[in-house]
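The values are calculated or read from the model by the stated rules, or taken from the named source; none is laboratory data. Worth saying up front: this structure is predicted, and the values here are computed from it rather than measured. Cβ atoms come from the backbone with ideal geometry, glycine included; neighbour counts cover every protein chain shown. Accessible surface is based on the protein model in full, side chains and every heavy atom, while ligands, DNA and RNA are left aside. Shrake-Rupley method; radii C 1.70, N 1.55, O 1.52, S 1.80 Å.
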Amino acid sequence: MLILAFETSCDETSVAVLNNGTILSNVILSQMFHSEFGGVVPEIASREHLSRIAQITEEALSAAKVKIKEIDIIAATAQPGLIGALLIGLNFAKSVAATLNKPFIPVNHIHAHLYSAFIHENKPSLPLLSLIVSGGHTLLVLVEDYFRHRILGTTIDDAAGEAFDKVAKMMGLGYPGGPEIDKLSKSGNKDFYTFPKAKIKEGKYDFSFSGLKTSVLYYLRKIDFENSKNDKLIADICASFQTAVIESLFSNTLKAAKEFGVNTIAISGGVSANSALKRRFASLREKGYNIFIPELKYTTDNAAMVGITAYYEYIHSGDKTTFDRQSFNAVAKPRLDYGNF
Ligand code: KG4
Ligand code: ZN
């Protein structure tokens, strides 16, 4: 079964082709020019998606050696995301579905990050504890069954990636901040400064990063960062901040794994590209945990993860005809009835 999948929720235009859950192609165009604005400009993102989506679709089909007429199912990210950006991929995908008279599956972007853990041949078994860390979301989810998700924790303020981006901005580093901080931290001392860990009163497994961000700001002011900065100082602050984020993500996840007796853990989303975060989670393998970390190209936004989610929805859905009925709705609704997000 051939799936053609689209992702345009933010600043990546991506199209993938999958055959029975195996990735045949996954073309990703990252809109690098947003960095000069220090963040994604929605209108520019939408226009760029619009001007490139047809060409990227052709590239994905040709890389997969598949003709458009052979496609069985079309899928696209339907929410959450930037509305203008989403609508480009969604409407393009639905037009393809309408033209080919094939089912269309709208996909929830957070589901897509979660199910990126199932892209590789070695797939996690259930129950699975999934940590989804991106620029817009931080969620700790217990996957009891396919599309039966229990949210154990979420951020009460900033997302983990957002914290990386904001701290990078304060230090005058580029956008997105995560990859920059990751790179600079490699030559820094993670014990240089201990940024305070958030005390969370809300849910047991919730996260908070805005206090950490503020404490970095106060620290930069205290040391008169602008006038005292040098490569070593920047690297040390990056490493100390990064460690604070990682320890918060790691300790909550491990606490939940122990409490729920789950020994299979997956991390996904843009922040799971972080090399120190990956090392921290990989170290749990020595303690008998099964740890799943997607390859780099599947961590930040991509259409392969949208395709694999659509595939799992299709094979685990009892009523396949609903996909046909959804095809031509005015508003595509992801199958949120499957879980509480
Ligand atoms: O999943 P993603 O591409 O988009 C969203 O759905 O938000 O995640 C983007 C986020 C950005 O905040 C970026 O700074 C962060 O992922 N990120 C990283 C790294 N690579 C990307 N954060 C930390 N370390 C990295 N290596
Ligand atoms: Zn994402």
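So if I take the centroid of the Cα atoms in the stretch 18-69 and the same for the stretch 117-162, what is the distance between those two points in Å?
First find each Cα centre; the distance between them is then 24 Å.
Quick one: 3J(HN,Hα) in Hz for the stretch 143-158, Karplus 6.51/-1.76/1.60 with θ = phi - 60°, rounded, Gly and Pro as x.
Per-residue couplings from phi come out as 8, 7, 8, 4, 6, 10, 10, 10, 6, 8, x, 8, 7, 8, 9, 7 Hz.
Just to check I understand the Karplus step: with θ = phi - 60° and J = 6.51 cos²θ - 1.76 cosθ + 1.60, what whole-Hz values come out for the stretch 171-180, glycine and proline as x?
Values per residue, Gly and Pro as x: 8, x, 8, x, 10, x, x, x, x, 5 Hz.
Trypsin sites (Lys or Arg not before Pro), restricted to the stretch 1-75: which are DSSP loop and have at most 13 other Cβ atoms within 10 Å? Don't skip to the end; give the middle numbers.
Numbers: sites: 47, 52, 65, 67, 69; in loops: 65, 67.
Filter output for the stretch 1-75: 65, 67.
Please get the size of the charge dipole for the chain, origin at its Cα centre, with Cβ charges of +1 on Lys and Arg and -1 on Asp and Glu, quoted in debye to the nearest 20. Spell out each step's value before the answer.
Values: 36 positive and 35 negative charges, 125 e Å.
Taking the Cα centre of the chain as origin, the dipole is about 600 debye.
³J(HN,Hα) across the stretch 221-230 via Karplus (A = 6.51, B = -1.76, C = 1.60, θ = phi - 60°), whole Hz, x for Gly/Pro?
Whole-Hz 3J(HN,Hα) from phi for the stretch 221-230: 5, 4, 8, 6, 3, 4, 9, 10, 5, 8.
Work out the FRET efficiency for residue 189 and residue 122 from their Cβ-Cβ distance, taking R0 = 45 Å, and round it to the nearest 0.05. If you can, show how the numbers build up before the last one.
Numbers: r = 35 Å, r/R0 = 0.78.
Efficiency computed from Cβ-Cβ geometry: 0.80.
How high is the FRET efficiency between residue 259 and residue 33 when r is their beta carbon distance and R₀ equals 45 Å, given to the nearest 0.05? Please report the intermediate quantities before stating the final value.
Numbers: r = 45 Å, r/R0 = 0.99.
It comes to 0.50.
Whose amide H sits under 5 Å from the amide H of residue 153, counting only residues 5 or more places off or on another chain, with H placed in the peptide plane?
Amide H neighbours of residue 153: 140.
Ranking request for peptides 154-162, 285-293, 226-234: highest mean number of other beta-carbon atoms within 10 Å first, then the rest in descending order. If you can, show how the numbers build up before the last one.
Working: 154-162: 21.8, 285-293: 14.0, 226-234: 11.7.
Ranking the peptides 154-162, 285-293, 226-234 by packing returns 154-162, 285-293, 226-234.
Ranked highest first by average number of other Cβ atoms within 10 Å, how do 273-284, 174-185 line up? Kindly include the intermediate steps, with their values, before the conclusion.
Working: 273-284: 17.9, 174-185: 20.8.
Those peptides, ordered most packed to least, come out 174-185, 273-284.
At 0.36 nm per residue, minus the direct Cα-Cα distance, what do residue 227 and residue 72 gain on full extension? Give it in nm, one decimal, please.
Values: separation 155, 0.36 × 155 = 55.80 nm, distance 6.00 nm.
Length difference between fully extended and current span is 49.8 nm.
Mind giving me the nanometre distance, one decimal, between the label points for residue 54 and residue 214, set 7 Å out from Cα along Cα→Cβ?
Simple spin-label model gives 5.1 nm for this pair.
On average, how much accessible surface per residue is there in the chain, in Å², for a 1.4 Å probe, leaving out ligands, DNA and RNA?
On the way: 14820 Å² over 341 residues.
Ligands and nucleic acids excluded, the result is 43 Å² per residue.
Putting +1 on Lys and Arg Cβ atoms and -1 on Asp and Glu Cβ atoms, find which of 300, 84, 37 reaches farthest to the positive end of the dipole of the chain.
300
Given points 7 Å out from each Cα along the Cα-Cβ axis, report the residue 285 to residue 101 separation in nanometres with one decimal.
Label at residue 285, label at residue 101, 5.0 nm between them.
Of the residues 25, 215, 116, which exhibits the maximal mean-square fluctuation in a Gaussian network model of the chain defined by a 10 Å Cα contact cut-off?
215
Can you give the angle from 0 to 90° between the axis of helix 303-316 and the longest principal axis of the chain, with both taken from C-alpha atoms, to the nearest 10?
The answer is roughly 60 degrees.
Within the stretch 242-282, find all residues whose amide N lies under 15 Å from a label point positioned 7 Å from the Cα of residue 144 along Cα-to-beta-carbon.
Within reach of a label on residue 144, which here means backbone N under 15 Å from a point 7 Å along Cα→Cβ, the stretch 242-282 contributes 260-262.
Nearest 0.05, what FRET efficiency do residue 44 and residue 295 give at R0 = 30 Å with Cβ-Cβ as r?
Efficiency computed from Cβ-Cβ geometry: 0.55.
Beyond 28 Å, how much of the Cα-Cα pair distribution for the stretch 129-270 remains, as a whole percent?
Numbers: 2106 of 10011 pairs.
Taking all Cα-Cα pairs of the stretch 129-270, the fraction more than 28 Å apart is 21 percent.
Where the centroid of each part is defined by its Cα atoms, how far is the stretch 214-291 from the stretch 174-190 in Å?
Rounded to whole Å, the Cα centres lie 11 Å apart.
With all protein chains present, how much of the accessible area of the chain (probe radius 1.4 Å) comes from carbon and sulfur, to the nearest whole percent? Before the final figure, lay out the partial values.
On the way: 7840 of 14820 Å².
Heavy-atom surface of the chain belonging to carbon and sulfur, 1.4 Å probe: 53 percent.
Ranked from highest to lowest mean number of other Cβ atoms within 10 Å per residue, what is the order of the peptides 86-95, 298-307, 8-17, 235-244?
Values: 86-95: 21.5, 298-307: 29.5, 8-17: 28.0, 235-244: 23.6.
Going by the mean number of other Cβ atoms within 10 Å, highest first, we get 298-307, 8-17, 235-244, 86-95.
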